[in-house]
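Each reported figure results from applying straightforward, stated rules to the coordinates on display, with no laboratory input. The structure displayed is predicted, hence computed values, not measured ones. No Cβ is skipped: glycine too gets one built from the backbone with ideal geometry, and neighbour counts run over all protein chains shown.
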Amino acid sequence: MSDQQGFPEPFGDADGGGSGGPDGPNRGIRGRTVAIIVLAVVVVVLIVVVASLVFAQSGKVTPTSSPTVTTSSPTPTQSSTPTPTQTSGAAATCTVNDLSVTLGSFSGAAGSDYVPIVFTNKSSKPCELHGFPGVSFVGKGNGTQLGAAADWDQSKPIVQNTLQPGSAVAASLRIVQAGNYDSSECQPLAADGLRVYPPHSTKSVFVKDASLTACQNDKVHLLTVVSPVAPQ
């Protein structure tokens, strides 16, 4: 018989390239695999690009202004002006208790006598003495002041004197002779001596000298301290 019964032809092209051939399923799987790989690569690339952009953006640090450092000098506190005080090495002013007061040698000139009043430091420590002493006649046996106290001739400068124990300074006293005045005006009287106040002292010393004559009238000025205390 001309029609021979046999197995049916397989589906697909005669060269076996169809999908029904032995390689058909494998090709489909490979195609999908390649597509997945490509997609994965694209996704990875996109992730890398996005990460790079984010990293680059975050790496840009907006510069901030440096903190301003201000330095201020400490405000000096105003203190009161210190009051000068006597240092331990400075000598104290001589007092009556520190001094021995005597009269030096008299010298006369033109109706006046001049005599130094000598101040000697009799203490065991130095002391300071400057300025004019106060001087007046005293008499009547009881310390009564006779006439006016001595004037001061301030034409000579005052000097500072530190008296070591045993050292001395002197002020010059001029005594106008009472005989230069009318007795009714002067009212002369023999004095017992002089009352002497050392400079800056409120206490006096009696210096005996019976050769002196005072005027009791206090309008007659016989005594003048013509120089402040100074080394002899």
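Here are the numbers:
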| quantity | calculated |
| --- | --- |
| Spin-label model distance (nm) - VAL38 vs GLU185, 7 Å beyond Cα toward Cβ | 15.2 nm |
| Cα-derived Rg to Rh of region 84-232, Kirkwood definition | 1.01 |
